[in-house]
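The structure under discussion appears below in the form of structure tokens.
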Amino acid sequence: MTTFAQALHAELFGLPTDDAPLPTALDALLQATHTAGPEQQTAILHQLAEQLRNGAEIIQRYQYRAQWDRLPADVAEGLRTAHDRAEQIAAALDLAAPAFNRPPAQPPGPQASHAETARPVPPTSPPGPNGQHR
């Protein structure tokens with residue numbers, strides 16, 4: 001009840017809220033996305049990137065295990081590919097996360113159609129006998 005009262009007080013008076021730490025379980029992290037503010041959205045993406053790096057490490061361990069146990073080469077190769085992709089996605093999330101902490105861009109104002117903004121081209125006279133315009 002105290003947490004709710006503090007959050008309500010902060011909301012009413014425009015004070016910063018003391019956000020609880022983000023969950024680490026992916027299903028709980030998914031639920032947090034439904035109510036997250038801009039700063040929490042950034043934190044969620046960073047948390048997800050960290051979880052993907054942890055997942056990539058797990059995948060890599062199984063890749064090594066597949067090689068050690070002499071499983072079919074396509075198993076180890078598939079795990080290597082999954083590891084690399086997880087690392088790439090984690091890096092991309094880290095790069096994208098700060099954008100969610102910025103205010104949204106203002107939509108462009110109403111734009112005039114091309115026909116309204118095009119300037120009329122003055123007519124040219126046909127070239128004279130010596131090739132010059134009059």
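Throughout, read-outs are computed from the coordinates displayed, never taken from laboratory work. Predicted model, so just to flag it, every value in this text is computed and none were measured. Neighbour counts are summed over all protein chains in view; Cβ atoms, including those assigned to glycine, are modelled from backbone coordinates with ideal geometry.
Residues with beta-carbon under 15 Å from that of Leu79, excluding Leu79: net charge, scoring Lys, Arg +1 and Asp, Glu -1?
Net charge around Leu79: -1.
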*Multiply the residue gap between Glu77 and Arg61 by 0.36 nm, knock off their C-alpha separation, and tell me the result in nm, one decimal place.*
4.5 nm
*Between Rg and the Kirkwood Rh of the range 37-89, both from Cα atoms, what is the Rg to Rh ratio?*
1.19
